[in-house]
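What follows is a short report on a single structure.
The values are calculated or read from the model by the stated rules, or taken from the named source; none is laboratory data. All values derive from a computational prediction rather than experimental measurement. Here Cβ is always computed from backbone atoms with ideal geometry, including for glycine, and neighbour counts include all displayed protein chains. Just so you know, the surface numbers come from the protein's heavy atoms only, side chains and all, with ligands and any DNA or RNA stripped out. Shrake-Rupley method; radii C 1.70, N 1.55, O 1.52, S 1.80 Å.
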Amino acid sequence: MANNEQDTFMPTICFVEHDGTEHSVTVNSGISLMEAAVDNDVPGIDADCGGACACATCHVMLDKDWFEALGDREATEESMLALAAEVTDTSRLACQIEVTDALDGIKVRMPESQF
Amino acid sequence: MNAVNDLMKPVAFPNPYDVPLQELDPSPEALYDSGQHWAYFERLRNEAPVHYCENEAFGGFWNITKFNDIVEVDSNNEVFSSEPNITIGESKIDFSPPMFIAMDNPKHDAQRKVVSPAVAPMQLAELESLIRGRVATVLDNLPVGETFNWVDAVSIELTTQMLATLFDFPFEERRKLTYWSDIAVTSPNVEEYGVSEEKRRDVMLECLEYFTGLWNERIKRPKKNDFISLLAHSSATAEMDPLEYLGNLMLLIVGGNDTTRSSMSGGVYAMNKFPAEFKKLQENPKLIPNMVSEIIRWQTPLAHMRRIAKEDYEIGGKTIRKGDKVIMWYISGNRDQDVIENPDDFLIDRKRARHHVSFGFGVHRCMGNRLAEMQLRILWEELLPRFSRIEVTAEPQRVRSNFVMGYTHLPVKLHAK
Ligand code: HEM
Ligand code: FES
């Protein structure tokens, strides 16, 4: 990045594998949480449908506080999650979550069945 | 099924570019076994990606041929209904046993959830060593240096063994499953090649009788993770009427059989058409999982799924009307160069190889996709250390269908390591 370009804040996201392995990535706001993983080769997010909320291969589990802060799942997301494995009360599809500066420091866990 | 195939004479269709666009019809079955469908879909993708046509056998229907349009339709389960049937044709004798692939919600989810534990990722991990052992046995008994039919000796044998395991079906009688699967997918429109719709119904009722015996035996024993036991012991399915039981059996038999079978044959065929890829694979076996996705894209074992619009819907500048039949042509979406670079090439190290439409999307997305991928992965992991070359000695014979993209005969000669 050129020196004179204005520094913009980039949030850091931590993806946690089922065995506890952590992958921290620093990304631009505006992309999806799914893209944050895929663009940085984080294992466990296949994203077969490319973010169309149509495959449930980007399933992640959030901490309760983050889950509540992010608001409700849409109906389509709800229907796709209904068929996924290891779904919990705080499960989300990562392609349906937009990365914002406010997400800085979030930890998301990925289910064992996605590896 | 060879007698069936002998009767199949190639049919020459007009060049699609000589046909008026509104009359362009990609559905005739004889287009497919001769490979003439590719050019039809190429023209549709380029000139009329959302396209209406009429056909004597199937009535009027919309053709959806571009990747992203397919994802849009497939994942809109509110507007596009899977009932009463998910293939292009209609039953003429009204024999369509209900199955959850052809049900909308809420019934679909309730039934799918009953059987999905049998193919859940954790369950598959437990099956892996069993499958690997069986694959090794089949491969170790293949002749080296002489030509044989790969479809029967490997693809059918392995998928049938797998199916027998998932149903906990009497292992020695497993070829019954192959037979029922083949009859179940026989199209009424290829009647002249052997199987009438009445005959098909009679064979399916035999299948039901056999499985009713298995059900009665499982219901007496504690629940375990095979399809029949799961169905018999779950409240969502325990009260199914016999035809519904049959429908769901047909779905599980056909879903898990033909598709994986075609991919096991298609992969070998692809490696021979693109020999540089086999070299790449020998040099880097870590590519196997990526290659498996590429095989499934390149082969596209199921050419289409159909829907009925429940309301008017705008797509691609056209208005699909409530009640219209809509065909999502997966076989075409997987060749869409706006989404997939050099789509006709088979590239085992393709970037984002999982991004294909072969498994569909939305709530009906293939339930067995992980199982299919695992079976193919194991097959190739076991093939590489055993043989230096898997030579296809002549062009394959294909199934005549606009739905199942499969092979009846693929002559192969194995070369020792
Ligand atoms: C390469 C192999 C396979 C391919 C290409 C394939 C393809 C498909 C497709 C296209 C669908 C419909 C998706 C849609 O409508 O959006 C489907 C559904 C289904 N498949 Fe597969 N399949 C394969 C292997 C398997 C296996 C091994 C099983 C084993 C159980 C299986 C079981 C099912 C079931 C039960 C459904 C219905 C799902 C539902 O309606 O919710 N499939 N498959
Ligand atoms: S990427 Fe397919 S549902 Fe999120």
Quiz item: According to a simple spin-label model (label point 7 Å from Cα along Cα-to-Cβ), what is the distance in nm between B:A57 and B:K417?
Solution: 4.5
Quiz item: Summing -39500 (n - 2.57) over the DSSP H runs of n ≥ 4 in chain B and dividing by its residue number, what mean residue ellipticity at 222 nm do you reach, to the nearest 500 deg cm²/dmol?
Solution: -13500 deg cm²/dmol
Practice problem: Give me the orientation-averaged projected area of the Cα convex hull of region B:3-416, in nm², one decimal. | Solution: 19.4
Quiz item: Any idea how far the Cα center of region B:378-417 sits from the one of region A:61-110, in Å?
Solution: 43
Quiz item: Could you give the nm distance between label points at B:K310 and A:D39, where each point is 7 Å from its Cα heading toward the beta carbon?
Solution: 3.6
Quiz prompt | Cβ-placed point charges (K, R +1; D, E -1), dipole of chain B about Cα centre in debye, nearest 20 | solution = 1320
Exercise. Post the alpha-carbon centroid distance, region B:306-369 to region B:51-83, in whole angstrom.
Key: 10
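Arrange the residues B:W380, B:W298 by how much accessible surface each exposes, largest first, with a 1.4 angstrom probe. Don't skip to the answer; put the middle values down first.
Details: B:W380 0, B:W298 30 Å².
Accessible-area ranking of B:W380, B:W298, largest first: B:W298, B:W380.
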Quiz item: Accessible area drop of at least 20 Å² (1.4 Å probe, protein heavy atoms): which residues of region A:70-98 qualify, relative to the chain alone?
Solution: A:S79, A:M80, A:A82, A:L83
Practice problem: State the answer as a single residue: which of B:F359, B:V11, B:M291 lies farthest towards the positive end of the charge dipole of chain B, with beta carbon charges of +1 for Lys and Arg and -1 for Asp and Glu, about the Cα centre. | Solution: B:M291
Practice problem: Please report, in Å, the Rg and the Dmax of region B:335-388, where both are computed over Cα atoms only. | Solution: 14.0, 42
Quiz item: Taking the Cα centre of the protein assembly as shown as the origin and placing charges on Cβ (Lys, Arg +1; Asp, Glu -1), which of B:T408, B:L163, B:L139 is farthest toward the positive end of the dipole?
Solution: B:L139
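What number, in percent, do you get for the relative contact order of chain B if the mean sequence gap of Cα pairs under 8 Å and at least 6 apart is divided by its residue count? Show your work: numbers first, answer last.
On the way: 643 pairs, mean separation 108.9, N = 417.
This gives 26 percent for chain B.
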Quiz prompt | Length released on extending from B:A120 to B:E47, taking residue separation times 0.36 nm less the Cα-Cα span | solution = 22.1 nm
Quiz prompt | In order through region A:38-54: 3J(HN,Hα) via Karplus (6.51 cos²θ - 1.76 cosθ + 1.60), integer Hz, x for Gly, Pro | solution = 4, 4, 10, 6, 6, x, x, 10, 6, 6, 4, 8, x, x, 8, 6, 9
Quiz item: What spacing in nm lies between the two simple spin-label points modelled at B:D140 and A:D63, each 7 Å away from Cα in the Cβ direction?
Solution: 5.2
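What number, in nm² with one decimal, is the all-direction average of the projected area of the convex hull of the alpha-carbon atoms of the protein assembly as shown? Provide the component values of the computation, followed by the final result.
Numbers: hull surface 108.0 nm².
Taking the Cα atoms of the protein assembly as shown, their convex hull projects to 27.0 nm² on average.
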Quiz item: Can you pull the three principal axis extents for the Cα set of region B:244-309, in Å, largest first?
Solution: 49, 26, 18
Practice problem: List every residue whose amide H lies under 5 Å from the amide H of B:V404, counting only residues 5 or more places away in sequence or on a different chain, with H placed 1.01 Å from N in the peptide plane. | Solution: B:A303
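Looking at the calculated P(r) for chain A, what percent of the C-alpha pair distances fall above 16 Å? Numbers along the way, then the final one.
Values: 3752 of 6555 pairs.
The proportion of pairs with Cα distances above 16 Å equals 57 percent.
Would you please give the FRET efficiency between A:E22 and B:K318, computed as 1/(1 + (r/R0)^6) with r the Cβ-Cβ distance and R0 = 45 Å, to the nearest 0.05?
0.40
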Quiz item: Can you list the residues of region B:115-129 with backbone N under 16 Å from a point 7 Å past the Cα of B:R386, pointing along Cα to Cβ?
Solution: B:129
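Got a sec? What order do B:R221, B:R377 fall in by accessible area at 1.4 Å, biggest, i.e. largest, first? Working shown, then result.
On the way: B:R221 105, B:R377 60 Å².
The residues order as B:R221, B:R377, largest area first.
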Quiz item: Tell me, what is the 1.4 Å probe accessible area of A:S32, in Å² to the nearest 10?
Solution: 10
Quiz item: Can you pull the semi-axes for region B:273-415, root of five times each eigenvalue of the Cα gyration tensor, sorted largest first, whole Å?
Solution: 33, 17, 14
Quiz item: So for A:S91, B:S234, what's the accessible-area order with a 1.4 Å probe, most first?
Solution: B:S234, A:S91
Self-check item: Shape of region B:184-315, Cα gyration tensor, a/c cut at 1.5
Solution: prolate
Quiz item: For the modelled label position 7 Å from the Cα of A:V87 along Cα-to-Cβ, which residues of region B:106-136 have backbone nitrogen atoms closer than 11 Å?
Solution: B:109-110, B:113
Quiz item: Can you list the HN-Hα couplings for region B:156-170, worked out from phi with the Karplus curve (6.51, -1.76, 1.60; θ = phi - 60°), rounded to whole Hz and with x for Gly and Pro?
Solution: 5, 4, 5, 5, 5, 4, 4, 4, 4, 5, 5, 8, 6, 8, x
